[in-house]
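To start, the structure itself, in structure tokens.
Every read-out reported here was derived from the displayed coordinates using simple, explicitly stated rules and does not represent laboratory data. Only a predicted model underlies this, so the values are computations on that prediction, with no experimental measurement involved. Neighbour counts are summed over all protein chains in view; Cβ atoms, including those assigned to glycine, are modelled from backbone coordinates with ideal geometry.
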Amino acid sequence: MRFLICSNHKSIPSSILLALLLVVTMASATPAQENFATFPLLPAGYASIKVFDNHKRFVGRILPEKRYWVPIERIPAFLQKAVVAVEDTRFYEHGGIDMRGIARALVKDVVKGRLAEGGSTITQQLIKNRYLSGEKTFERKFEEARLAMEFEQKYSKKQILEMYFNEIYYGNGAWGIAQAARLYFDKNPEELSDAECALLAGVQKNPARYNPLGKSANITGRRDVVLKRMLELNMITSRQRQALRAHPPAVTKPGQAPQYLAHIRGKLIERYGADIVEQGGLEVTAALDLNLQKQAEQALREGARRISPKLQGALICLDPATGDVLAAVGGVDATQSDYNRAFAARRQPGSAIKPLIYAAALEKGLTAASVRDDEPVSYDRGNNETWKPLNYGREQYGELSLRQALAYSNNVIAVKLLDEIGVPYFVDFTARMGLPLRAENGLSLALGTNEVTLNDLVLAYAPLAGGGQRPEARTIIRIYDSKRHSWVENPPVVHPAISPAAAFVTTQMLKDVMSYGTAKNLKKFSRSRPSAGKTGTTDNYRDAWFVGYTPQLITGVWVGYDKPRPGGKGFTGGAAAAPIWERFMRKALASKPAVDFQRPDTVVSVSIDPVSGKLASPDCPDSREEFYIAGTEPVEYCHKPGVDEPTDGTDETEPEIP
């Protein structure tokens, strides 16, 4: 049934119009044709998934995303009374529209000369939430009242109240009593205490203001209004009211490390299927260290904000021995975005890929003292096109040892080295390191053109820190099923990747990055703790990386913009990412002893002439210690020009690349 509203209807108080509507509708009401329950019934005994860190500290919960219907029998009587008391005192007496409420509102409308109060009943609120918009017009109020009276004829009071509790909004994304009870108190509705019910009964008036996670003063003030009204209606005694005010309930706060929790959620679904979250009842022990997670979040947030308020970033910290993800931050502010850049974002790593090229070259028989020049060279790309890689700032350094070339992040030598060992070999090598790369990228792989995630890149460095062993990333240590009283263990998985000798020598080369190379601003840190790492910067300063490690921890940092754009000159891995890494690692390692990387028996240390790379001798007084994979060390001694060379009867030649 529709009504024609005159053009000047805004001058008529809404209460008068509603009263007229009541008279007409009572004479001719059309029953509403609606399904009663609109969602699946809430499973009995449902429980959320609880997550604890590796020290058994509570991290947070993984909640279901589906909406569930709760029968009125599972909704506490105290909550039903409280809502009726504060929202619609005459709910059990009226027929959808409360004439006394309308009369009361009419007086206020007339006195104030405007639409001051509408006298909405629980049934009207249900209709508005279920079918209509929140638009404040007379047409909408008429439709709301008409449907309310139809509902009263079609459904019992108990059924209407049941629908009401399942349809109303409780704030923070919680629709219906099932989601509200789970979100705020981690309970099923029937488990709610009287004190918890008193809080929830006050939410409907203004979910944004009165939800249990809001300001304490607002919440308790509204709770007191509910209890006062219940006392006035003799629903509770003065003693009950006093007791409920004196013992407020504990509200379950939002989980810590929300992006880590979201990642665990994905892992559970990957392992058990999508229904696992809806079934609930699990207790998960995560690899997470909650203290490290908080330190990582703070270091990334503060470090990124120092550069730009719009800058984004990610940080991952692993145990190189087990692959345990001790901390993972997927963005500067998890409250603004749930996109996990640590695991999902794929970006070019720039020069952060170079340590893998040098490690592969060591496996091929080259050494840290091998010398290459950085004279530019052009490569044929086909279709009459050539590619000429250049160094940062187009500078040339001449001949450099591979140790120096890696420390200075020399582009030309990295490309030449990749060409020397071969792209197919390098792609196979990185696959063993856990980093899949595309061979079709060709020699540009040396400059980090293949996009990777921060997680994958950090894992590829792990064999360098872990003596050649590659662990798989582990975020879940064990799972306890509280319904079946059973445990599922998730032990570390480790694969051999490269020789311990190649891992150790590469690490010694990467130490120089932090002492005089592209991350020399970390020199003070590296002096206090043996550490190694590499910077990465992409074209036009779009991405800045730093991956570094000690024997105990390996941490990677990426900073950039979600929509890639230049960060400005100076936005480099050394200037933007490395300081964040240091800020985090200083705190993360504060309670751990400073230990050095253990040298394997397959590595030898000899004194060499730094210019020629030959064994040091009295003829060449300048010398330094260099590490070699056993069998690749020099056997020829250094000599001055014009002086007969000392000989041991052998000729020293650099191993050929097979």
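Couple of notes before you dig in:
- For segment 239-254, putting each phi into the Karplus relation 6.51 cos²θ - 1.76 cosθ + 1.60 with θ = phi - 60° gives couplings of 5, 4, 4, 4, 5, 5, 6, 7, 10, x, x, 7, 8, 6, 6, x Hz, in residue order, rounded to whole numbers and with x for Gly and Pro.
- Surrounding net charge for GLY573, when Lys and Arg each add one and Asp and Glu each subtract one, Cβ distance under 9 Å: 0
- Ordering of 495-505, 269-279 by burial proxy (mean other Cβ atoms within 10 Å per residue, highest first): 495-505, 269-279
- Shape category assigned to segment 352-444 from the gyration tensor of Cα positions, a/c cut at 1.5: oblate
- Secondary-structure-derived ellipticity at 222 nm for the chain, considering helices only, amounts to -11500 deg cm²/dmol, per-run term -39500 (n - 2.57) for DSSP H runs with n ≥ 4.
- Taking each of LYS563/LYS592; LYS215/LYS294; LYS520/LYS569; LYS416/LYS569; LYS158/LYS215; LYS50/LYS310 in turn, the alpha-carbon distance tops 30 angstrom for LYS563/LYS592; LYS158/LYS215; LYS50/LYS310.
- With Cα atoms, 0 to 90° folded angle of helix 411-421 axis to the chain main axis: 80 degrees
- Taking a straight Cα-Cα cut-off under 17 Å and skipping sequence neighbours fewer than 8 places away in the same chain, the aspartates and glutamates within cross-link reach of LYS587 are ASP289, GLU297, GLU302, ASP319.
- Here is the list for segment 449-534: trypsin sites (Lys or Arg not before Pro) lying in DSSP coil, each with at most 14 other C-beta atoms within 10 angstrom of its C-beta, are LYS483, ARG484.
- Sparsely packed loop sites in segment 378-407 (the GluC sites (Glu not before Pro) outside DSSP H, G, I, E and B with at most 14 other Cβ atoms within 10 Å) comprise GLU395.
- Positive minus negative residues near ARG586 (Lys, Arg vs Asp, Glu; Cβ under 12 Å): +4
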